[in-house]
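Notes to accompany the following structure.
The values are calculated or read from the model by the stated rules, or taken from the named source; none is laboratory data. Fair warning: this is a prediction, and the values are worked out from it, not measured in the lab. Protein only, heavy atoms only, side chains kept; ligands, DNA and RNA dropped before computing areas. Shrake-Rupley method; radii C 1.70, N 1.55, O 1.52, S 1.80 Å.
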Amino acid sequence: NLHLQIANARAEPLRYGRLTVTRASLFLGLALLALWRGGGAAGVLLAFALAAALACVLGGLPLRSRAQADPALLRPLLHYGAPQALGFLVLALTETGDRLILAAWHGSAAVAGYAAAGDLSQQTLYVLLGVAYLGGFPHLVRTWEAEGPDAAQRWLRRIAQGQGLLAGACCAVALPLS
């Protein structure tokens with residue numbers, strides 16, 4: 001993900017796309033192979049890690065970034081990354097908690113339809129919101145570097161407003177379908 005963010009910040013959409021498609025394709029292939037060979041969940045997790053590492057190698061990016069080599073950048077990276085990591089952990093718990101409760105009350109068969117519908121709508125919305133974010137992020141970085149945090153804050157508001165409008169439109173279309 002760090003390499004994806006570097007490609008995004010450098011406004012290199014082709015590299016970003018290559019990394020994403022390569023990682024996803026490798027993961028799908030390696031995960032299917034692991035499952036076919038009886039690797040189970042551990043095999044799938046190993047496939048995910050291998051796909052990410054191979055995508056970096058095949059994408060032409062080094063596995064070690066310049067941020068890791070420069071101690072002056074490590075502290076700000078950890079200062080920013082630690083709260084994000086905690087946020088991702090909380091998000092993972094809240095996204096799976098409903099399924100664990102549903103499975104405990106009604107059995108694992110009840111989770112299948114619920115999970116499929118929820119994941120399909122969530123992933124579709126994530127793609128659309130990701131496009132809005134990725135479109136604005138390089139402008140945000142350039143504005144931050146040229147004009148400072150106040151100007152960047154205005155770009156963040158514009159991105160958030162665009163995502164809010166897009167999410168609202170998706171919900172307005174999806175509600176009558178449900």
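How much area per residue is accessible in the chain when the probe is 1.4 Å and only protein heavy atoms are counted (Å²)? Don't skip to the answer; put the middle values down first.
Values: 12650 Å² over 178 residues.
I get 71 Å² per residue for this part.
What part of the accessible area of the chain, given as a whole %, is carbon or sulfur when the probe is 1.4 angstrom? Don't jump to the answer; show the numbers that get you there.
Numbers: 8920 of 12650 Å².
Reported share for carbon and sulfur atoms: 71 percent.
Please work out how much accessible surface Arg18 shows to a 1.4 Å probe, ignoring ligands, DNA and RNA, in Å² rounded to 10.
Here the residue's solvent-accessible area equals roughly 130 Å².
log10 I(q)/I(0), Debye, Cα-only the chain, no solvent, q = 0.10, 0.15 Å⁻¹?
Listed by q, the Debye log ratios stand at -0.57, -1.26.
If contacts are Cα pairs under 8 angstrom and at least 6 residues apart, what is the relative contact order of the chain in percent? Intermediate results must be reported in sequence, preceding the final value.
Values: 95 pairs, mean separation 29.8, N = 178.
This gives 17 percent for the chain.
Using helices alone, what [θ] at 222 nm do you get for the chain, with -39,500 (n - 2.57) per DSSP H run of 4 or more residues, divided over all residues and rounded to the nearest 500?
After summing the helix terms and dividing by residue count, I get -31500 deg cm²/dmol.
Once phi is turned into θ = phi - 60°, what whole-Hz ³J(HN,Hα) does the Karplus curve with 6.51, -1.76 and 1.60 give for every residue of the range 134-144, x standing for Gly and Pro?
Couplings: 5, x, x, 4, x, 5, 4, 5, 5, 5, 4 Hz.
Given the options Ala160, Ala42, Ala55, which has the most mean-square fluctuation in a GNM of the chain, springs set between C-alpha atoms less than 10 angstrom apart?
In this elastic network of the chain, the residue with the biggest mean-square fluctuation among Ala160, Ala42, Ala55 is Ala42.
Classify the range 78-155 as rounded, prolate or oblate from the Cα gyration tensor: take a ≥ b ≥ c as the square roots of its eigenvalues, call it rounded if a/c is under 1.5, otherwise prolate when a/b beats b/c and oblate if not.
Since a/c reaches 1.5 but b/c is at least a/b, the shape of the range 78-155 is classed as oblate.
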